[in-house]
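Structure record follows, encoded as structure tokens.
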Amino acid sequence: QVQLVESGGGLVQAGGSLRLSCVASGFIFSSNAMDWYRQAPGKQRELVAFITRGGSIYYADSVKGRFTISRDNAKNTVYLQMNSLKPEDTAVYYCATGATAKFWGQGTKVTVAS
């Protein structure tokens with residue numbers, strides 16, 4: 001079955017950096033687009049970035065220029081490099097895949113202290 005396991009979250013000061021990782025299994029990783037979403041307390045889950053199987057990339061305006069999504073098909077892993085973090089980036093970050101039906105990881109918590 002599809003499994004997505006995120007890691008790399010934690011507590012960081014504003015202006016700092018974190019790199020999130022998501023290791024995937026149970027499907028052909030290289031054939032799938034991979035997404036990063038986040039959900040802040042009291043808010044709806046929002047799309048942060050995605051990378052297609054061909055390497056095309058999308059970023060939400062709120063993270064453009066600060067976050068970088070990448071993938072390593074040999075390791076079945078997608079990354080989210082987060083720089084210049086702001087308190088408003090505080091959220092649980094989720095890895096996801098799937099077009100018609102979404103599969104989700106368990107999430108990794110990111111807290112940015114001001």
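Remarks
- Inside segment 53-63, residues that are surrounded by fewer than 11 Cβ atoms within 10 Å (Cβ to Cβ) and assigned to a strand (DSSP E or B) make up a count of 0.
- Residue match in segment 64-85 (condition: crowded, with 18+ Cβ neighbours inside 10 Å and assigned to a helix (DSSP H, G or I)): no
- Qualifying residues in segment 92-110 (those that are in contact with a Gly (Cβ under 9 Å, 6 or more places away or on another chain) and aliphatic (A, V, I, L, M)) - the one farthest from Asn32 (Cα to Cα): Val110
- Of all residues in segment 31-57, those satisfying the criterion of being under 13 Å from the mean Cα position of the chain (by Cα) and closer than 15 Å to Ala99 by Cα are Ala33, Met34, Asp35, Trp36, Tyr37, Leu47, Ala49, Phe50, Ile51.
- Of the candidates Gly26, Gly10, Gly42, Gly16, the single residue that is out of contact with any Cys (no Cβ under 8 Å at 6 or more places or on another chain) and over 21 Å from Leu85 (Cβ atoms) is Gly26.
- Qualifying residue in segment 98-112 (condition: assigned to a loop (DSSP other than H, G, I, E, B), modelled with pLDDT of 95 or more and either at positive phi or surrounded by fewer than 20 Cβ atoms within 10 Å (Cβ to Cβ) (or both)): yes
- Residue in segment 86-97 that is most open to solvent (accessible area, probe 1.4 Å), counting only those that are assigned to a strand (DSSP E or B) and farther than 23 Å from Ile28 by Cα: Val92
The values are calculated or read from the model by the stated rules, or taken from the named source; none is laboratory data. If you're wondering where the values come from, they're calculated on a predicted model, not measured in any experiment. We place every Cβ from the backbone using ideal geometry, glycine too, and count neighbours over all the protein chains shown. Heads up: the accessible areas ignore ligands, DNA and RNA and are worked out on the full protein's heavy atoms, side chains in. Shrake-Rupley method; radii C 1.70, N 1.55, O 1.52, S 1.80 Å.
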